[in-house]
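Here is the structure we will look at.
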Amino acid sequence: MFGFQGGESIDTVARKKGYMKDAQHRWSFLTNFDVSTIKNEIQLRTMIMDRSSISEAQAQRDVEAWMQGKQFSI
């Protein structure tokens, strides 16, 4: 999701870096290590649910709302 796979364009890397910072701004408990290990929406949702003690349904709504309009693939 946020990790870099190699061979990505400069634009893709910049976009993912921006998303990482945006996620950390939205959920201040996310560390640089956290975001570098998150590979998909489910992992992000689970980490947010666990760290903020909210329901799975609320975490799903929050992540879906945050992801709206973002492009994570190349």
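Summary of computed values
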| read-out | value |
| --- | --- |
| Sites excluded, trypsin sites (Lys or Arg not before Pro) in DSSP loops with at most 14 other C-beta within 10 Å, longest stretch of the chain | 1-38 |
| Estimated vicinal HN-Hα couplings, Hz - region 26-33 in sequence order (Karplus 6.51, -1.76, 1.60; Gly, Pro = x) | 5, 10, 4, 7, 6, 8, 4, 5 |
| Surface per residue (accessible, 1.4 Å probe) for the chain, Å² | 63 Å² |
| Candidate values (1) 55, 32, 22; (2) 46, 17, 15; (3) 37, 24, 18, label of the one derived for Cα extents along the principal axes in Å | (3) |
| Percent accessible area from carbon and sulfur atoms, the chain, protein chains only, probe 1.4 Å | 52 percent |
| Simple Cβ-charge dipole of the chain, Lys/Arg +1 and Asp/Glu -1, about Cα centre, in debye nearest 20 | 140 debye |
| Under Karplus coefficients 6.51, -1.76 and 1.60, residue-wise ³J(HN,Hα) of region 7-22 in Hz, glycine/proline x | x, 7, 5, 4, 5, 5, 4, 4, 4, 5, 4, x, 5, 4, 5, 5 |
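The values are calculated or read from the model by the stated rules, or taken from the named source; none is laboratory data. Owing to the predicted nature of the structure, the values given are computational and were not obtained by experimental measurement. Cβ coordinates were reconstructed from backbone atoms using ideal geometry, including for glycine residues, and neighbour counts include every protein chain displayed. Side chains are part of the model used for accessible areas, which takes the heavy atoms of the whole protein and leaves out ligands, DNA and RNA. Shrake-Rupley method; radii C 1.70, N 1.55, O 1.52, S 1.80 Å.
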